[in-house]
Amino acid sequence: MTTFGKVYKTEAIVLKHFPLGEADYILTLFSPNRGKIRAVARGSRRIKSKLGGHIEPLMRTSFVINAGKNLDIISQAELIDGFRPLRENIHFLNLGIYMAELVDYMTQENQSNQETYRLLLESITAICNDHSPTLLPYFQLRMIIHNGFGPELYDCIECGTLIEPNKHRFCTDGGGVICLHCKPENVNILPLRLDTLKLLRFLSRSDWKSIQRLRLNRGNLIELNRITKELISYTINRDIISSTFLDYLYESFESEESV
Ligand SMILES: [Zn+2]
């Protein structure tokens with residue numbers, strides 16, 4: 001915890017804002033060294049506020065913040081990157097908002113989480129530049145990994161034996177692959193093709209530069225999206241509000257890219 005009364009400087013991505021009183025916003029920020037931060041931007045809803053244009057959701061901004069007793073107070077904000085292409089396309093914006101919501105749900109306040117910060121920054125940048133349909137399953141899978149929720153991609157989650165090619169399914173409740181012999185009751189088990197399993201392994205360990213070059217066929221993409229989306233739903237135990245946009249979003253990505 002930051003000591004009350006201290007001033008700190010950090011860059012952060014704005015996850016969301018919410019009106020507070022007549023003139024203020026309360027912001028949820030995500031920073032590399034402090035994780036999630038909640039802070040008040042006083043007077044920021046006034047037209048002449050000097051904070052205006054620096055604190056919109058999905059902006060990357062350099063902040064100076066006073067640590068308060070209950071809530072921190074933003075004293076300065078200077079935009080680093082506004083990700084303009086994101087704001088000019090409703091599908092890109094929805095995808096960015098979904099990612100921000102996911103980071104909000106899955107991370108803690110005042111807890112350094114540099115991997116998630118890098119992932120969010122990399123992914124928002126990729127929305128603007130790449131328009132790749134692989135970005136969403138990549139982001140979802142890496143969020144699960146970076147925040148300590150698995151998944152197991154090599155050994156059966158029930159019996160622990162090494163998974164053999166073409167003798168596997170995916171158990172979202174158990175968070176990983178399951179062999180054909182194990183048949184636990186009352187769990188959600190999805191089909192898993194060998195090439196999709198290989199893709200999951202590749203996405204779990206490779207950087208975005210390598211992944212963005214992949215051109216997946218529609219079957220792989222559908223299976224990958226279904227598995228990562230259900231893993232996320234199980235992990236956070238709720239449906240993220242903006243995920244209702246996502247099926248529509250897949251369509252728009254698919255129409256722009258040959259997959
Ligand atoms: Zn097994």
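The values are calculated or read from the model by the stated rules, or taken from the named source; none is laboratory data. Every value quoted in this text rests on a predicted model; they were computed, and no experiment measured them. Note that we place each Cβ from the backbone using ideal geometry, even for glycine, and neighbour counts take in every protein chain shown. To get the accessible areas, we keep the full protein, side chains included, count just its heavy atoms, and leave off ligands, DNA and RNA. Shrake-Rupley method; radii C 1.70, N 1.55, O 1.52, S 1.80 Å.
Details
- Across segment 170-181, the number of residues qualifying as within 14 Å of the ligand (Cβ to nearest atom) and open to solvent by 20 Å² or more (accessible area, probe 1.4 Å) comes to 3.
- Between 166, 188, the distinction of being closer than 19 Å to residue 226 by Cα and more than 25 Å from the chain's Cα centre (by Cα) belongs to 166 only.
- Residues of segment 64-103 that turn out to be part of a loop (DSSP other than H, G, I, E, B) and at pLDDT below 90, as a count: 4
- Among the residues making up segment 21-43, those that are assigned to a loop (DSSP other than H, G, I, E, B), surrounded by fewer than 20 Cβ atoms within 10 Å (Cβ to Cβ) and in contact (Cβ under 8 Å) with a residue 12 or more places away in the chain are 22, 23, 32, 33, 42, 43.
Okay, residues lined up against (1) in contact (Cβ under 8 Å) with a residue 24 or more places away in the chain; (2) assigned to a loop (DSSP other than H, G, I, E, B); (3) near the ligand (Cβ under 10 Å from one of its atoms):
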position	(1), (2), (3)
185	no, yes, no
196	yes, no, no
201	yes, no, no
210	no, no, no
215	yes, yes, no
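- Residue match in segment 116-126 (condition: surrounded by 18 or more Cβ atoms within 10 Å (Cβ to Cβ), over 16 Å from residue 203 (Cβ atoms) and within 16 Å of the ligand (Cβ to nearest atom)): no
- Where residue 46 falls short, out of the listed (1) loosely packed, with under 15 Cβ neighbours inside 10 Å; (2) touching a residue at least 60 places away in the same chain (Cβ under 8 Å): (2)
- Pairs with Cβ under 9 Å, 6+ apart, first in segment 57-80 and charged (D, E, K, R), second crowded, with 18+ Cβ neighbours inside 10 Å and part of a loop (DSSP other than H, G, I, E, B): 60/83; 78/54
- Only a single item in (1) under 24 Å from residue 116 (Cβ atoms); (2) touching a Ser or Thr at 6+ places or on another chain (Cβ under 9 Å) is not met by residue 188, and it is number (1).
- Count of residues meeting criterion [within 14 Å of the ligand (Cβ to nearest atom) and part of a loop (DSSP other than H, G, I, E, B)] in segment 154-169: 10
- Hey, residue 132 modelled with pLDDT under 95, within 17 Å of residue 30 (Cβ to Cβ) and either within 16 Å of the ligand (Cβ to nearest atom) or in a loop (DSSP other than H, G, I, E, B) (or both) or not: no
- Residue within segment 130-140 that is surrounded by fewer than 21 Cβ atoms within 10 Å (Cβ to Cβ) and touching a strand residue (DSSP E or B) at 6+ places or on another chain (Cβ under 7 Å) present: no
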